[in-house]
């Protein structure tokens, strides 16, 4: 992520292989569209910035706060802001999820909470930092259902992304809802992603990504060939999953609003 001019290619590639982008991105856009002039969007654990830096040009009337604990992500954000003309609408902060300083009208926590040691403290901090009427868009893994034995064998042989990032937990749907409510959030909507077809597409993709990262030269070549040849099937599985109205799945997208002081005190 050292070259800001190439990051938009990464943003585009995500649409081709990551099903969650199809589900989460429209929800993020919908939340930003409801915000008024000068509203603040805080992207917690922004990574490569696909939900903040990638949308800043589309929403020039908003202010974006980029929060991440990794210095290389902060350095990349600084380089990106020097490269593009809307840098006045973005600020960045090197901090953990527990240490938000900037109050916000919208908090984005996309695929981050599962890596935090004390997720309840994070959710309480979020509730304290969001402005009245503010909302949280949260995306977390649930259930942890696995299908393919091939993927499971590869994960035992090589560490995958979740192991490297030291994921702390996989939630149950009721568990994460209870934690949100205990922290002072009111649930507005829930949407499952990654049903059976989505799980298959994700396991197939991640299996060959593991080979590309950890395998020797010939394994990398074979892995790249197989991944390219099988991409139409992978994409079809993603389309099938996206078209379904899932009653359960391996990920959960939650829209929540901070409870008012009056409502919280009456509980």
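Summary of computed values
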| item | result |
| --- | --- |
| The stretch 221-233 residues that are on the phi < 0 side of the Ramachandran plot and touching a residue at least 12 places away in the same chain (Cβ under 8 Å), paired with ones that are surrounded by fewer than 13 Cβ atoms within 10 Å (Cβ to Cβ) and assigned to a helix (DSSP H, G or I) (beta carbon under 8 Å, 6 or more apart) | 231/16 |
| Breaking point among (1) out of contact with any strand residue (DSSP E or B) (no Cβ under 7 Å at 6 or more places or on another chain); (2) at pLDDT 95 or above, for residue 176 | (1) |
| Subset of the stretch 12-42 [under 30 Å from residue 200 (Cβ atoms) and out of contact with any helix residue (DSSP H, G or I) (no Cβ under 9 Å at 6 or more places or on another chain)] | 12, 13, 24, 26, 27, 28, 29, 30, 31 |
| Residue within the stretch 183-205 that is closer than 29 Å to residue 126 by Cβ, free of Cβ contacts under 8 Å to residues at least 60 places away in the same chain and touching a helix residue (DSSP H, G or I) at 6+ places or on another chain (Cβ under 7 Å) present | yes |
| Qualifying residues in the stretch 154-164 (those that are within 15 Å of residue 144 (Cβ to Cβ) and either surrounded by 12 or more Cβ atoms within 10 Å (Cβ to Cβ) or touching a helix residue (DSSP H, G or I) at 6+ places or on another chain (Cβ under 6 Å) (or both)) - the one modelled with the highest pLDDT | 155 |
| Qualifying residue in the stretch 142-151 (condition: buried (at least 18 other Cβ atoms within 10 Å of the Cβ) and more than 26 Å from residue 70 (Cβ to Cβ)) | yes |
| Index of the failed condition, residue 145 passing every other in (1) in contact (Cβ under 8 Å) with a residue 60 or more places away in the chain; (2) touching a strand residue (DSSP E or B) at 6+ places or on another chain (Cβ under 8 Å); (3) farther than 20 Å from residue 22 by Cα | (2) |
| Residue list for the stretch 117-142, filter: touching a helix residue (DSSP H, G or I) at 6+ places or on another chain (Cβ under 8 Å) and not in a helix (DSSP H, G or I) | 135, 136, 137, 138, 139, 140, 141, 142 |
| Positions within the stretch 181-200 being touching a strand residue (DSSP E or B) at 6+ places or on another chain (Cβ under 9 Å), assigned to a helix (DSSP H, G or I) and surrounded by fewer than 20 Cβ atoms within 10 Å (Cβ to Cβ), in sequence order | 181 |
| Flag for residue 101 being free of Cβ contacts under 8 Å to residues at least 40 places away in the same chain, in contact with a strand residue (DSSP E or B) (Cβ under 9 Å, 6 or more places away or on another chain) and either within 20 Å of residue 39 (Cα to Cα) or in a strand (DSSP E or B) (or both) | yes |
| Residues satisfying the stated conditions in the stretch 32-46, i.e. at pLDDT 90 or above and under 15 Å from the mean Cα position of the chain (by Cα) | 41, 42, 43, 44 |
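Here is a yes/no grid of residues against (1) at pLDDT below 95; (2) over 21 Å from the mean Cα position of the chain (by Cα):
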{"site": "200", "(1), (2)": "no, no"}
{"site": "215", "(1), (2)": "yes, yes"}
{"site": "221", "(1), (2)": "no, yes"}
{"site": "227", "(1), (2)": "yes, yes"}
{"site": "235", "(1), (2)": "no, no"}
{"site": "253", "(1), (2)": "no, no"}
{"site": "262", "(1), (2)": "yes, yes"}
{"site": "265", "(1), (2)": "yes, yes"}
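Conditions (1) closer than 23 Å to residue 161 by Cβ; (2) assigned to a strand (DSSP E or B), marked per residue:
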position	(1), (2)
174	no, no
204	yes, no
212	yes, no
226	yes, no
238	yes, no
254	yes, yes
257	no, yes
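For every residue, the table says whether it meets (1) at pLDDT below 85; (2) surrounded by fewer than 21 Cβ atoms within 10 Å (Cβ to Cβ); (3) farther than 24 Å from residue 27 by Cα.
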site	(1), (2), (3)
48	yes, yes, no
57	yes, yes, no
79	yes, yes, yes
84	yes, yes, yes
107	no, no, no
111	no, yes, no
114	no, yes, no
117	no, yes, yes
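The values are calculated or read from the model by the stated rules, or taken from the named source; none is laboratory data. Remember, it's a predicted structure, so these values are computed and weren't measured experimentally. Heads up, the Cβs are rebuilt from the backbone with ideal geometry, glycines too, and the neighbour counts pull from every protein chain shown.
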